[in-house]
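Here the structure comes first, spelled out in structure tokens, and everything after it is commentary.
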Amino acid sequence: MLDELSILSAIAEGFLLSDYAFDKYKSPNEDEDTSPLRKIDEAQFLCNNTKEADGILKGIEIICKNTNLCRDLINESSEVSNPVAIAKEAKNLSRLKGVTCKVYGKKDIERLKMGLLLAVSKGSTYPPQLLVLKYKGNPGSKKQIAIVGKGITYDSGGMNLKPSSSIEDMRSDMAGAASCLYAVKAASELKLKKNIVAVIPLCENMLSNNSYRAGDVFTSFNARTWRSGTRMQRAGLFWLMLLLLRKRQSSPIA
């Protein structure tokens with residue numbers, strides 16, 4: 001049987017997460033007759049342990065606020081949420097207590113010989129970015145939680161172009177990166193006694209005369225060569241690059 005505070009937590013989370021819509025680009029009267037009721041002005045909860053309930057509600061508010069900010073970034077136009085813009089947003093998180101952010105640009109990525117990340121970004125006008133976002137909530141401990149988020153801000157499929165039925169939504173291929181960003185922000189605001197390191201590679205996979213081609217061979221971070229193939233194989237190569245980066249002792253996030 002659920003206790004009172006667990007029920008309170010679930011209800012509060014339901015209110016805050018359901019009261020969301022990405023309507024930034026909609027005119028005030030658009031879809032006026034079909035839009036669901038939203039924007040809850042006030043909710044009152046009656047419970048016995050008000051002091052503990054207040055703490056729970058504050059925590060739930062932080063988590064849900066960051067969840068909705070994450071949703072905003074995912075739903076945003078890819079022209080706005082490009083690799084450079086997201087890197088700038090991550091850098092702004094450095095103002096939070098315990099948070100540091102290191103942004104590696106294209107020249108840094110070339111120096112690190114991260115051929116797979118460079119390959120995916122070849123067709124885009126936006127340079128690739130690699131973010132290492134750290135939160136130290138327990139400086140006395142050497143233990144840390146590593147999280148990795150895929151950050152393809154738009155995945156056209158490159159030479160193997162995505163079908164028209166699904167290509168519009170490929171701006172959301174950076175949802176993993178957005179999740180990492182706001183997980184670190186939430187951890188800081190919640191003052192968690194944990195150490196977290198988030199690795200966030202950002203690039204755009206576009207079609208151009210400079211795009212990589214199926215069958216091309218690239219050298220990865222661990223000096224091994226890899227041949228590009230189908231979309232599934234390319235996704236696998238991208239994740240492999242991340243795992244190698246996290247594992248290698250000489251990497252910038254070791």
Any trypsin sites (Lys or Arg not before Pro) in the stretch 135-180 that lie in a DSSP loop and have at most 16 other Cβ atoms within 10 Å would be 142, 143
Given points 7 Å out from each Cα along the Cα-Cβ axis, report the residue 46 to residue 144 separation in nanometres with one decimal.
5.0
For the stretch 142-156, in residue order, the Karplus 3J(HN,Hα) values (coefficients 6.51, -1.76, 1.60; θ = phi - 60°; whole Hz; Gly and Pro = x) are 8, 6, 8, 9, 9, 10, 10, x, 5, x, 7, 5, 7, 10, 6
Classify the stretch 83-247 as rounded, prolate or oblate, taking a ≥ b ≥ c as the square roots of the eigenvalues of its Cα gyration tensor: rounded when a/c is under 1.5, otherwise prolate if a/b is larger than b/c and oblate if not.
prolate
If we sort 64-70, 115-121 on the protection proxy, mean other Cβ atoms within 10 Å, highest first, what's the order?
115-121, 64-70
State, as an integer percentage, the relative contact order of the stretch 83-247 based on alpha-carbon contacts under 8 Å between residues 6 or more apart.
30
Find how much the distance from residue 4 to residue 168 grows on full extension, using 0.36 nm per residue of separation minus their present alpha carbon separation; answer in nm with one decimal.
54.7 nm
Rounded, prolate or oblate for the stretch 180-228? Axes are the square roots of the Cα gyration tensor eigenvalues, ordered a ≥ b ≥ c, and the cut-off for rounded is a/c under 1.5.
oblate
Among beta bridges that DSSP assigns inside the stretch 83-247, antiparallel share in %, nearest 5:
70
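Sort 114, 174, 206 so that the residue with the fewest other Cβ atoms within 10 Å of its own Cβ comes first and the one with the most comes last.
Least to most surrounded, the residues fall as 206, 114, 174.
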For the pair residue 213 and residue 23, what calculated FRET efficiency results from E = 1/(1 + (r/R0)^6), where r is the Cβ-Cβ distance and R0 = 41 Å, to the nearest 0.05?
0.55
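None of the figures in this text is laboratory data; all of them are computed from the coordinates on show. Quantities reported herein were computed from a predicted structural model and do not represent experimental measurements. When we count neighbours, we look across all protein chains shown, and the Cβ atoms used for this are built from the backbone with ideal geometry, even at glycine.
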